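> Quick one: structure below, then a few questions.
The values are calculated or read from the model by the stated rules, or taken from the named source; none is laboratory data. The structure displayed is predicted, hence computed values, not measured ones. For neighbour counting, all protein chains shown are included, and Cβ atoms are generated from backbone atoms with ideal geometry for every residue, glycine included. Just the protein is used for accessible areas: all its heavy atoms, side chains included, with ligands, DNA and RNA removed. Shrake-Rupley method; radii C 1.70, N 1.55, O 1.52, S 1.80 Å.
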Amino acid sequence: MISAVLFLENIISNAINTLYQISDEKVQIQTTRPEFEGDYTFVTFNLTKKTKLSPERLGDQIGSHIQIHNEFISSFNVVKGFLNISLSNAYWLNYFSEIKSYKQFGIAKHNSSGKTIMLEYSSPNTNKPLHLGHIRNNLLGFSVAKILEANGHHVIKVNLVNDRGIHICKSMLAWKKFANGQTPQSTGLKGDSFVGKYYVEFDKLYKSQITQLISEGNSKEEAEKNAPAIKEAQQMLQEWETGNEDVIALWKTMNAWVYEGFKETYKMLGVNFDKIYYESNTYLLGKEVVNYGLSKNIFYKKENGSVAINLTNDGLDEKIVLRSDGTSVYITQDLGTAIERFKEFPNLSQLIYTVGNEQDYHFKVLFKILQKLGYEQANECYHLSYGMVELPEGKMKSREGTVVDADDLIAEMIITAKQTTQELGKISDFNSDEAQQLYKTIGLGALKYFILKVDPKKKMLFNPKESIDFNGHTGPFIQYTHARICSILKKANYINNNIVLNAETYQLHSCEKNLIKHIYTFENALTEAAKEYNPAIIANYCYDLAKLYNRFYHEVNILKEENTSIKLLRLDLSNLCGSVIKNAMALLGIEVPEKM
RNA sequence: GGUCCCGUAGCUCAGCUGGAUAGAGCACAGGUUUUCUAAACCUGCGGUCCUUGGUUCGAUUCCAAGCGGGAUCACCA
């Protein structure tokens, strides 16, 4: 069965051709606003000039023409220049009977597009635990991967762990100074937050030394540069690079603690990766690319020996790609890593980087340089840029302790879910494992939905004082709708049937029709979400569907409907809604319970 | 200063490539359960879509300028 919108576009296009001999008219259909009668609307204003007819006249003529020639057009009306068209009851019943037993309605088959996409996300530093900003990154990356897969692409999820550098050395140094040999095991702390503690300790020490130096008459810059703590950290980084055994051993130990911690957090968030890269393995990549760029005169050596590229003709600035001492800068390794991936996966259709919008400029530069170096894949690189999560008082800052810790927040969400569930008292038959699982599902559902319902491009506000809601436009609302559907189906001992109601005798209830129409738009939402890399489209789709279902639920009888055929239709419809909700929420990484 | 992003109800957000009287949730006021899960449903209240111009039959949407907020422009990552 052809889609409703395409169907209408075709017949209206034909009508315009027949009536006015205009063949190249782009026909655009929109959904009819609820205050008017009709399913879809065609706006006639664009045709007034070519036909010299009034918008009303055009609406009447086109409306009559398509109604006469198509059995599925049941009626039309014209308001000003808007031609509102109603599709017949039979159309929607046929459509529904066709899709109602799909288990994966709207979801493309695995790898059906033939495209392989690499998507990088998460990419944490290993000197401190994850915070709310990382949560947004992880949820966004994971969800976009799911959405791309549901569009038929093969997605390779990768994580590039920033496991080396001055920040790690800071934690290491502070641990050596202050820990007296303590470990996560000895303190009972989670590994990443244990290490993070020493990162904060370092900063305290560093700051106090700066204050001291300034009070002794040094300038702020001098003090920041010469404080013993930072000198020691830099020294340690050099030792790391030269392979000092003790430093390497400590580095391995502390990173291992952090990984233990991250593992737990990732597990709670339900995210995962197909491949993990470590920067300690990739940070030297890119140096030979610099030589290649020099030989092609794309890069040039500056007087002091550093290597740069001039991008001023591209609206960007001059960019250093190698330090005067021959060591890499950030972009050097990014160039190297990208090229390495092109080699490793020669048939990659796309390479996506999930990184905050503070790095918009960096990625513009990176892609531009790749392009200048002659890598055609540069055109398929995409920066999935997302806005910062802000607190009421502004940006979160790790060192100032104004961050919302990921583990703390998750734990709070689960506790709130537990309290709410217990107050409502609907799961007395659950054992404690089942109950615990449910609290987790609901708590994380609330958190994930809260994050993903916002357009990724936009910055978002999180107020720790106002806990994340469980009512209204939320994850638990949608989960609740799913549980409600399951409850009905269970009570009915539902099994998918093949009964189709006779369109002559059964007039769909407006709530039923609205549900079918909205389910119809799922495929569109899914392609749109992939095109825009935007899970919020799916999130909002789910909410609208759940809302329509609840309306339907309150308006009509399902189990108590006496006419068996109608009852079965409503059960079928409930079943389909439930499975679409479940599949769509899975694209957000959100589970839906069968009872709550 | 250059570049980029953002500005919609008291708050948090939708608004598809320009279309009809701009929508939700929270909050606030009220109503719905001897009946399928009330984490629900319904009603009400709430708006110079930052401002001013321009394009258009039509602009929250496109363009320009201004105001306000943010990011970025390192031999940091």
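Each row is one residue, and each column tells you yes or no for (1) open to solvent by less than 80 Å² (accessible area, probe 1.4 Å); (2) within 12 Å of RNA strand B (Cβ to nearest atom); (3) aliphatic (A, V, I, L, M).
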site	(1), (2), (3)
A:Leu447	yes, no, yes
A:Leu452	yes, yes, yes
A:Met460	yes, yes, yes
A:Pro476	yes, yes, no
A:Ala492	yes, yes, yes
A:Ile495	no, no, yes
A:Lys513	yes, no, no
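> Could you please find all residues in region A:499-522 being acidic (Asp, Glu) and part of a helix (DSSP H, G or I)?
A:Glu512
> List the number of the failed condition for A:Glu528; all other conditions in (1) part of a helix (DSSP H, G or I); (2) more than 13 Å from RNA strand B (Cβ to nearest atom); (3) surrounded by fewer than 18 Cβ atoms within 10 Å (Cβ to Cβ); (4) not β-branched (Val, Ile, Thr) hold.
For A:Glu528, the exception is condition (2).
> Search region A:569-596 for residues being closer than 17 Å to A:Ser510 by Cα and open to solvent by 10 Å² or more (accessible area, probe 1.4 Å), and hand back the single one that is nearest to RNA strand B (Cβ to nearest atom).
Among those residues, the one meeting the criterion is A:Arg570.
> Exactly one condition in (1) within 15 Å of RNA strand B (Cβ to nearest atom); (2) surrounded by fewer than 13 Cβ atoms within 10 Å (Cβ to Cβ) is not met by A:Ser23; state its number.
With respect to (1) within 15 Å of RNA strand B (Cβ to nearest atom); (2) surrounded by fewer than 13 Cβ atoms within 10 Å (Cβ to Cβ), A:Ser23 is out only on (1).
> Let me ask you something else. Only one residue in A:Gly315, A:Gly270 is within 16 Å of RNA strand B (Cβ to nearest atom) and small (Gly, Ala, Ser). Which one?
Only one candidate qualifies: A:Gly315.
> Can you tell me which residues in region A:129-165 are within 14 Å of RNA strand B (Cβ to nearest atom) and not in a helix (DSSP H, G or I)?
A:Leu160, A:Val161, A:Asn162, A:Asp163, A:Arg164, A:Gly165
> Inside region A:30-50, can you point out the residues that are on the phi < 0 side of the Ramachandran plot and open to solvent by less than 30 Å² (accessible area, probe 1.4 Å)?
A:Thr32, A:Asp39, A:Tyr40, A:Thr41, A:Phe42, A:Thr44, A:Leu47
> Can you name the condition, by its number, that A:Ile230 falls short on among (1) within 13 Å of RNA strand B (Cβ to nearest atom); (2) open to solvent by 80 Å² or more (accessible area, probe 1.4 Å); (3) β-branched (Val, Ile, Thr)?
Result: A:Ile230 passes all but (2).
> Another question, if that's okay. Within the set of pairs 6+ apart or on separate chains, which have a first residue in region A:537-554 that is free of Cβ contacts under 8 Å to residues at least 40 places away in the same chain, a second that is open to solvent by 50 Å² or more (accessible area, probe 1.4 Å) and near RNA strand B (Cβ under 9 Å from one of its atoms), and C-beta atoms under 7 Å apart?
Correct list of pairs: A:Ile537/A:Glu528.
> Let me ask you something else. Which of the residues that make up region A:361-374 are under 21 Å from A:Glu279 (Cβ atoms) and either among the acidic types (Asp, Glu) or buried (at least 17 other Cβ atoms within 10 Å of the Cβ) (or both)?
Across region A:361-374, the qualifying residues are A:Phe363, A:Val365, A:Leu366, A:Phe367, A:Ile369, A:Leu370.
> Oh, and also: Can you name the condition, by its number, that A:Ile442 falls short on among (1) touching a residue at least 24 places away in the same chain (Cβ under 8 Å); (2) more than 30 Å from A:Leu384 (Cβ to Cβ); (3) within 6 Å of RNA strand B (Cβ to nearest atom)?
Condition not satisfied by A:Ile442: (2).
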